[in-house]
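Novice: Right, I'll just put the structure down here and ask away after.
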Amino acid sequence: MLVGLLLIVVAASGKGFGIVSSIRIIGGVVAVGVFLLLISIVGLISALNHHQVMLFFYMVILFLVFLFQFGVSCACLAITQGQQVKLLSATWGLMSNETRVGVEMSLDCCGLVNTTQSSEQFKQDIDLCPAPCKKTSTCFTCGDKMLHRAAWSLRILGGVGLFFSFTEILGVWLAAHYRNQKDPKANPSTLL
């Protein structure tokens, strides 16, 4: 329940502070948070009522969430800087000019990376760049700034995701343990 609430609050604060402007990203994070919140409520209700079937489905769904979160966390921790550059370059190529200008203004940078493969795109980005740093003599590339932020964010996201994935597997074990116990409210003369 805590993880679901945490995701909803982080998404709302990211939108409130203007860190993330994409409604799709905010909506996705909120949807995952609401899903985890609903799953935790199902777990609480099934534990209170000692409902065997609901506990079983809670365990299965929570284990699937664990597998997905563990995989994503390991991927966040294992991605190299070269892979990050490829991912940023591919994403930069798909962005519209308005989105690029928005990124350049918010990060105060111009262009993505100046490599031999993307020199034409870099020159075009520099010409269209409205960032305030262009008026001064020092203007960093957006690729350098985004790579620095991405590396830090991926380490934090991977570590937090890994921690919470292990708490989810603990929840699966506890639910299985509780599911196998005898219901204290049941009639002792009946069979299980």
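The values are calculated or read from the model by the stated rules, or taken from the named source; none is laboratory data. Just so we're clear, the structure is a prediction, and the values are computed from it rather than from any experiment. When we count neighbours, we look across all protein chains shown, and the Cβ atoms used for this are built from the backbone with ideal geometry, even at glycine. Heavy atoms of the whole protein, side chains included, go into the accessibility calculation; ligands, DNA and RNA do not. Shrake-Rupley method; radii C 1.70, N 1.55, O 1.52, S 1.80 Å.
Novice: Arg155 versus (1) in contact with a Pro (Cβ under 8 Å, 6 or more places away or on another chain); (2) modelled with pLDDT of 80 or more: which is the lone unmet condition?
Specialist: Of (1) in contact with a Pro (Cβ under 8 Å, 6 or more places away or on another chain); (2) modelled with pLDDT of 80 or more, only one is false for Arg155: (1).
Novice: Return the residues of segment 91-114 that are part of a loop (DSSP other than H, G, I, E, B), out of contact with any Leu (no Cβ under 7 Å at 6 or more places or on another chain) and at pLDDT 75 or above; say none if nothing qualifies.
Specialist: Matches in segment 91-114: Met95, Ser96, Asp108, Cys109, Cys110, Gly111.
Novice: Also, quick follow-up: For Gln117, state whether it is assigned to a helix (DSSP H, G or I), open to solvent by 70 Å² or more (accessible area, probe 1.4 Å), farther than 17 Å from Ala150 by Cβ and at pLDDT below 80.
Specialist: The answer is no for Gln117.
Novice: Can you name every residue in segment 133-158 that is among the β-branched types (Val, Ile, Thr) and surrounded by fewer than 14 Cβ atoms within 10 Å (Cβ to Cβ)?
Specialist: Once the filter is applied, which keeps residues that are among the β-branched types (Val, Ile, Thr) and surrounded by fewer than 14 Cβ atoms within 10 Å (Cβ to Cβ), segment 133-158 yields Thr136, Thr138, Ile156.
Novice: Name the residues in segment 80-103 that are open to solvent by 80 Å² or more (accessible area, probe 1.4 Å) and within 14 Å of Met146 (Cβ to Cβ), would you?
Specialist: Gln81, Gln83, Lys86, Leu87
Novice: Give Val101, Val113, Val53 a once-over and let me know the one that is closer than 30 Å to Leu174 by Cα and of a type in the set (Val, Ile, Thr).
Specialist: Going through Val101, Val113, Val53 in turn, just one is closer than 30 Å to Leu174 by Cα and of a type in the set (Val, Ile, Thr): Val53.
Novice: Would it be correct to say that Gly33 is in contact with a Gly (Cβ under 7 Å, 6 or more places away or on another chain), open to solvent by less than 50 Å² (accessible area, probe 1.4 Å) and at pLDDT below 85?
Specialist: yes
Novice: Which residues, taken from segment 165-187, are modelled with pLDDT under 80 and open to solvent by less than 100 Å² (accessible area, probe 1.4 Å)? Before the answer, list the steps.
Specialist: Kept after step one, since they are modelled with pLDDT under 80, are these residues of segment 165-187: 179-187.
Of everything in segment 165-187, those that are modelled with pLDDT under 80 and open to solvent by less than 100 Å² (accessible area, probe 1.4 Å) turn out to be Arg179, Gln181, Asp183, Ala186, Asn187.
Novice: Sticking with this one: How many residues are outside any helix (DSSP H, G or I) and either aliphatic (A, V, I, L, M) or open to solvent by less than 70 Å² (accessible area, probe 1.4 Å) (or both) when one looks only at segment 36-79?
Specialist: 2
Novice: To continue, here is another question. For segment 35-60, give me each residue that is within 13 Å of Ala176 (Cβ to Cβ) and among the aliphatic types (A, V, I, L, M). Explain how you work it out, then say what you get.
Specialist: So in segment 35-60, the residues within 13 Å of Ala176 (Cβ to Cβ) come out as 43, 46-47, 52, 55-60.
Result: Ala47, Leu55, Met59, Val60.
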